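Here is the structure we will look at.
The values are calculated or read from the model by the stated rules, or taken from the named source; none is laboratory data. Keep in mind the model is a prediction, meaning the values are calculated, not measured. Cβ: placed from backbone, ideal geometry, glycine included. Neighbour counts: every protein chain shown.
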């Protein structure tokens, strides 16, 4: 008998959920188009929106009627018909603001107490003049609604706005309309907080009268008014109440209906100039705006700036604040990228808000942000549709039990994954500046073992891509079609928890177009698996040493690959916040994407230290034979010159197609480095080069590459160039390049000094036990 009330409650829940789904309102997808911009109306992809606002009309200071600037009238008159050509169901809105001067002052934080809107709302006659003229203008230009974009009203204005909305709605309801003509939509822009000083917005009036209120959830922090970096559109802020989440919660606590709130999405960001390039966290000291006069930058301009001046660096999504951040030595930019937009759409769905409103459309880059918002909406709709399908009355009890077990199991798996990751030891780093990686995996996905097993077809041999010192690597495909590469720790691997921890702590924080991106990890069932983006063209070594595939890589493609490797190393050594030494740079760890872009992979051996430290040492010697510099073999010393040495070896392999595990020369007694040095010194370098290569039409010459490579593999690390110098020498033939000395580990005597290399003498004189720990990978 006790079960009857339970099933009765479940039945009631089912009916209410069905009613909720069937009665759900249309998800609003809005956006502002600025009439005085350079973005043509016909270029708006109106198919991506439900509502589009033409901005901005103004109010005449003499008669308080709505006024459209004469320079903009041609745009207002054609806006509605133009956007409806691509999407007949889109609803165009006429947006009114406080004028460019007053609005600009409001955004910058200045009080505007004598604005034309303040005067307009103060008396009944001026309100009526404005209301009547706004409705006539909307109908004249075929708009289906009116939007009031008033960013910063004063406390007196707030009560008058409530009266304005009451009178405006009454006028709309009583308006004589043509047959089939719908009442005008009425919307308003509101601040992210419901109070200004001690006065609250007229929430009851807003609830009664507007179709929705657009929360202006941006411009919280500006470089023109603050000397510390700040996230201008923070979804969350752990250190203050200046965030979208706090603001939305305040509105709801004051009685605002979530179905009346539309979240504002900024398609712009702000750039600060840092005081100290080493201090680039949120809240770091800044000396004012950067890049532009006020620091403001549209998303398209930000993307262009990162491409042109970011030295290959990429923005990083910060889940703590819900924002994308980009830092390039002294420039700090925060903005909403695709990840931030998806997060905000997901947030809006969870809070049951009515939709989003983007400001402004011309700042989008090929509609990337708008499509990201679309993806978030589609995910939410799919969830609702799935629930509606799988809740038939006959199975509700079974489904409820299954759902309960599924949720408990999922929480347990996630908890196990997080606990397992938490038990991994921290990086062996002796430097205080590198100890702030506590939140390294906050934005990584924790994968279930069953999902990875299904994605890789139970780790089948057909899906196996290869195997390294860590273990086998498998190709997989996730349910939504995304291809992944799964690196699974082998039970017999010479590597283990330390390398796994390195991959998570380091790779997760490195965001660059020439580094392979880590998507997540799996530690369930005592597994240690890393999930990466899939590289369809596999690794560089498969092309260099193959008699057929090597022809795929002509000199133009090889130059492109060389430049990609250099950009990746420059990021690791110069442009990231810490100095990172890869310690295993080789052809098999250079992966190639669809466009043959080079991406550095495998950070299991990597080490990091502070910018002001030149070198460090270790008691554990690891690496790959032929790529390890002499100072590391002898004394365990590593610095940025370690990777420079490895790059030199790799560069010689790229231009020659020769392995460094073979011997060359007439008696086959020379290593790859010695062979290259002998030929270069005898002006016979062409004999070393892959015969299929032709650099006649390239500005990057093969012999220049050979000289630079030999400079990189010199015995003394102080003689080797930095990667910045390598970049300069290869990019500009006029840059001076010294004569290389005999490479490390040489047996033959140098012509200039008459002696063999110190590394070869030392290695030949005794058997260093540390060398035996070198790990072939």
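Things to note:
- Within the stretch 566-579, the set of residues being in contact with a helix residue (DSSP H, G or I) (Cβ under 7 Å, 6 or more places away or on another chain) and either surrounded by fewer than 23 Cβ atoms within 10 Å (Cβ to Cβ) or not assigned by TED's automatic domain parsing to the domain that holds residue 641 (or both) comprises 566, 570, 573, 574, 578, 579.
- Residue 715, sole failed condition from (1) farther than 22 Å from residue 587 by Cβ; (2) within 37 Å of the chain's Cα centre (by Cα); (3) surrounded by 21 or more Cβ atoms within 10 Å (Cβ to Cβ): (2)
- When the stretch 441-465 is filtered for residues that are on the phi > 0 side of the Ramachandran plot and surrounded by 14 or more Cβ atoms within 10 Å (Cβ to Cβ), the ones remaining, listed by number, are 457, 459.
- Of all residues in the stretch 31-83, those being touching a residue at least 40 places away in the same chain (Cβ under 8 Å), within 23 Å of residue 369 (Cβ to Cβ) and not in a helix (DSSP H, G or I) number 18.
The rows are residues; the columns are (1) farther than 30 Å from residue 703 by Cβ; (2) outside the structural domain of residue 455 (by TED's automatic domain parsing); (3) out of contact with any helix residue (DSSP H, G or I) (no Cβ under 6 Å at 6 or more places or on another chain); (4) at pLDDT 90 or above.
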position: 493; (1), (2), (3), (4): yes, no, yes, no
position: 500; (1), (2), (3), (4): yes, no, yes, no
position: 512; (1), (2), (3), (4): no, no, no, no
position: 516; (1), (2), (3), (4): yes, no, yes, yes
position: 554; (1), (2), (3), (4): no, yes, yes, yes
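- Restricting attention to the stretch 136-153 and to residues that are touching a strand residue (DSSP E or B) at 6+ places or on another chain (Cβ under 9 Å) and farther than 16 Å from residue 59 by Cβ, the residue that is surrounded by the fewest Cβ atoms within 10 Å (Cβ to Cβ) turns out to be 142.
- Which listed residue, of 173, 160, is part of a helix (DSSP H, G or I), without any contact (Cβ under 8 Å) to a residue 12 or more places away in the chain and either surrounded by fewer than 22 Cβ atoms within 10 Å (Cβ to Cβ) or in contact with a helix residue (DSSP H, G or I) (Cβ under 9 Å, 6 or more places away or on another chain) (or both): 173
- Of all residues in the stretch 186-219 being under 29 Å from the mean Cα position of the chain (by Cα) and either part of a loop (DSSP other than H, G, I, E, B) or free of Cβ contacts under 8 Å to residues at least 12 places away in the same chain (or both), the one that is surrounded by the fewest Cβ atoms within 10 Å (Cβ to Cβ): 193
- Filter pass, residue 292 being surrounded by fewer than 22 Cβ atoms within 10 Å (Cβ to Cβ) and outside the structural domain of residue 599 (by TED's automatic domain parsing): yes
- Filter result (more than 16 Å from residue 338 (Cβ to Cβ) and not in a loop (DSSP other than H, G, I, E, B)) within the stretch 305-321: 305, 308, 309, 313
- Pair list, Cβ < 9 Å and 6+ apart or interchain, from the stretch 321-339 residues that are at positive phi to residues that are in a strand (DSSP E or B): 329/274
- Residue 255 being assigned by TED's automatic domain parsing to the domain that holds residue 48, buried (at least 23 other Cβ atoms within 10 Å of the Cβ), on the phi > 0 side of the Ramachandran plot and touching a helix residue (DSSP H, G or I) at 6+ places or on another chain (Cβ under 9 Å): no
Rundown of residues vs (1) over 26 Å from residue 41 (Cβ atoms); (2) assigned to a helix (DSSP H, G or I); (3) modelled with pLDDT of 95 or more; (4) under 42 Å from the mean Cα position of the chain (by Cα), yes/no style:
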| residue | (1), (2), (3), (4) |
| --- | --- |
| 85 | no, yes, no, yes |
| 89 | no, no, no, yes |
| 112 | yes, no, no, yes |
| 138 | no, yes, yes, yes |
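- Residue satisfying condition, being on the phi > 0 side of the Ramachandran plot and modelled with pLDDT under 95, within set 668, 678, 674: 668
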